[in-house]
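Next up is a structure, given as C-alpha cells.
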Amino acid sequence: MVYRGGLENRFGRKPNGGSNPSLSASRIFVNKDIINIFIWVGVLGAVFAFLWWKGYLLGLRNYWNETAQELKKCTWPTWDELKGSTMLVAVTIVMLGLMTVVVDYAAVILLTKVLKV
C-alpha cells in the first residue's frame, strides 16, 4: 500500500506489507557509534604501534626532554621588566594606529582635491 507522499517507508526500511515498525522495534543490536569508536581505537593503536616500532616516540621523548632542559637554562624577565615591555608594545601599537589614521585621512583629502570629487 502506498500512502500519499511516500510515507510508507519513512524510516528507511523495506515495506513488508504491513505498517512500519516503530523505531524501538527495529533497533540494531550493535550501535553504529560503538563500531566507529572501535575502528578509530584500532587505527590510533596501529599508528601508535608503528611510531613505537620505528622509534619516533623515543625521538619525541628526547626532543621533549632536551627542550625542558634548555628552558631551565633561560633567564626569564622580572615582573617589572615584563610590565615595562608590555607598556612599550601598547604605546607603539597606539602610535602606529594613529599614524595610519592620519596618513589615511591625508590621502583622502589629497585624492579628493586632485580628482575634484
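Read-outs: derived from the displayed coordinates by stated rules, not from any lab. Because the structure is predicted, anything quoted here is derived from the model rather than measured.
Write down the radius of gyration of segment 37-76 and its Dmax, each obtained from C-alpha positions, in Å.
Computed over the Cα atoms of segment 37-76, radius of gyration and Dmax are 15.4, 47 Å.
Could you tell me which of rounded, prolate or oblate describes segment 61-100, using a ≥ b ≥ c as the square roots of the eigenvalues of the alpha-carbon gyration tensor, with rounded for a/c under 1.5 and, failing that, prolate when a/b is larger than b/c and oblate otherwise?
Oblate.
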